[in-house]
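Worksheet: the structure to be examined is printed underneath.
What follows is calculated from the coordinates using simple rules that are stated; it is not laboratory data. None of these values were measured; they are calculated from a predicted model. Note that we place each Cβ from the backbone using ideal geometry, even for glycine, and neighbour counts take in every protein chain shown.
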Amino acid sequence: MNSEELLQADSKIISNALKIRFYPITVKAAKGTKIIDHQDKEYLDLTAGWAVANTGYGDKRVADKLQEQYEALSFTTQLSAPEENMVHLAEKLISIIPGDFEKKVWFGHSGSDANECIAKLVPLSQNKPRMLSFMGGYHGQTLGSMSLSGHPAQSKFIGSGNVVKVPYPNPYRPLFGSKENLTGNIIDFIESEVFTTISPPEDTAGIVVEGIQSDGGLVVPPDDFLPELKKLCEDHNIYLIMDEVKVGLGRTGEWFSFDHASVAPDAVVLGKPLGGGMPISAVVGRKDILDAGTAVHMFTASGNPLSSAAALETLSIIKEEKLIRNAKEIGEYFSQQLCELQARYEIIGDVRGKGLAIGVELVEDGETKTPAIEETAAVCYRSYELGLLVYYVGIHSNVIEITPPLTITKEEVDFSISVLDQAFKDLEEKKI
Ligand code: PLP
């Protein structure tokens, strides 16, 4: 099939429920940091396929492991027999996640089913019906995970019953007007309003939070936010659940975003990059959460040997190739270069991030901060035409999200900056 035929067939028979498209690319192959389309044009992928390809695309070490595993044991169901790769993977995950308490691991296939696990097991383990989560948060598409989300794209659907949404601290757009005491204001709001009315601590089983709100607009909270949230949870016997599906496993320059704050969550949700492109997700957490019920959240392919083997190899590559250090160092360089662009283009209102999770927020005017929505889409589209894949996120769809493979080089950052520079120039000159 050529590109045209593929786009046509896709449009005719693939459900729109699966689609969010920023440009009409069709993908023939992917290698390292690059995507190749059906005309053999190469693109540098700053999305890492929505933050999946942390170790880059098509790593031969993962491919070899998969082949070896497929030939030895392609499938078994861990529902009726334990499987070695799955157990080793669980041991490995437990060893890199902080928390001085007994832990267990649950496995699934997507960030959504892992957050679904949280939605079911945390209330069950605490024998409390409610959860708190954050406005702008994104936790998945299944009913339970979507109920935890506070993203406007999902506001059409039912399912938010027992989840109370509270504001997330956004230094660029502080909800209570001032940047001062951003964390304190939110913690006070939870204690003095939420806990005294709709969801008292005796009814609140857990708080689910992203260390950086990615789909919500790559919002980086102040440094004191996670420590204060953890303290709030401890004071009121509530579990703190960190959703690390998108920014976990090295992206922020530490294994996990909460490592920057030295916080040990009661459970951690993992997905996207864990399997090096193979579908696998995990929840790692307190034994009493993961053992709250027997046979209550299981899928036929949970913990299958292929995904588990790929995940084990992916974790080794992250360590061996020192990709966490690369994320930190190249991430700092990337942010610096973007700040230089910000100094030249008024439309760039804010550049923020940690490691290789970076957001560039576009506004019509620096004072009013009116979101520059069409312009954001235009810059992403122009970048695509120039061989660079970026897309936008955020509750206003005006934040360019940069989450490349952690293998990205300084030269590739320089190329990215030159493309973005051109796209902003074309925008300024009204060529796009
Ligand atoms: N949690 C976070 C923080 C995410 O960013 C996403 C997806 O973008 C999910 C959960 C859902 O993951 P999946 O799309 O694999 O179901």
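Shape class of the stretch 5-132 from the Cα gyration tensor (axes a ≥ b ≥ c, square roots of the eigenvalues): prolate, since a/c reaches 1.5 or more and a/b is larger than b/c.
Ordering SER155, SER335 by the number of other Cβ atoms within 10 Å of each residue's own Cβ, fewest first, gives SER155, SER335. Here the Karplus relation 6.51 cos²θ - 1.76 cosθ + 1.60, evaluated at θ = phi - 60°, turns the backbone of the stretch 395-400 into coupling constants of 5, 10, 6, 10, 10, 6 Hz, with x for every Gly and Pro. Phi angles of the stretch 87-103 translate, via the Karplus equation with coefficients 6.51, -1.76, 1.60 and θ = phi - 60°, into HN-Hα couplings of 5, 5, 5, 4, 4, 4, 5, 4, 6, 9, 9, x, x, 8, 8, 5, 10 Hz per residue; Gly and Pro are given as x. Positive contributions from Lys and Arg (+1) and negative ones from Asp and Glu (-1), summed over other residues with Cβ under 11 Å from the Cβ of GLU102, come out at +1.
Residues whose amide H falls under 5 Å from that of GLY349, counting only those 5 or more places apart or on a different chain, are GLU361, LEU362, VAL363, with hydrogens built in the peptide plane. When you filter the trypsin sites (Lys or Arg not before Pro) in the stretch 231-339 for DSSP loop state and at most 15 other Cβ atoms inside 10 Å of their Cβ, you are left with LYS322. Residues TRP255, TRP50, ranked from the fewest to the most other C-beta atoms within 10 Å, line up as TRP50, TRP255.
Past 31 Å, Cα to Cα, is the threshold; run LYS31/LYS287; LYS34/LYS104; LYS103/LYS231 against it and keep the listed order. In this structure, LYS31/LYS287; LYS34/LYS104 exceed 31 Å between Cα atoms.
Couplings 3J(HN,Hα) of the stretch 403-412, computed from phi: 9, x, x, 6, 8, 4, 9, 4, 5, 5 Hz, in residue order, whole Hz [Karplus 6.51 cos²θ - 1.76 cosθ + 1.60, θ = phi - 60°; x for Gly and Pro]. Working note: 222 nm ellipticity from helices only, DSSP H runs with n ≥ 4, each -39,500 (n - 2.57), summed and divided by the residues of the chain, gives -11000 deg cm²/dmol to the nearest 500. For the stretch 14-49 versus the stretch 249-307, the spacing of their alpha-carbon centroids is 27 Å. Would you give the gap between the C-alpha center of the stretch 373-394 and the C-alpha center of the stretch 81-137, rounded to a whole Å? Their Cα centres are 35 Å away from one another.
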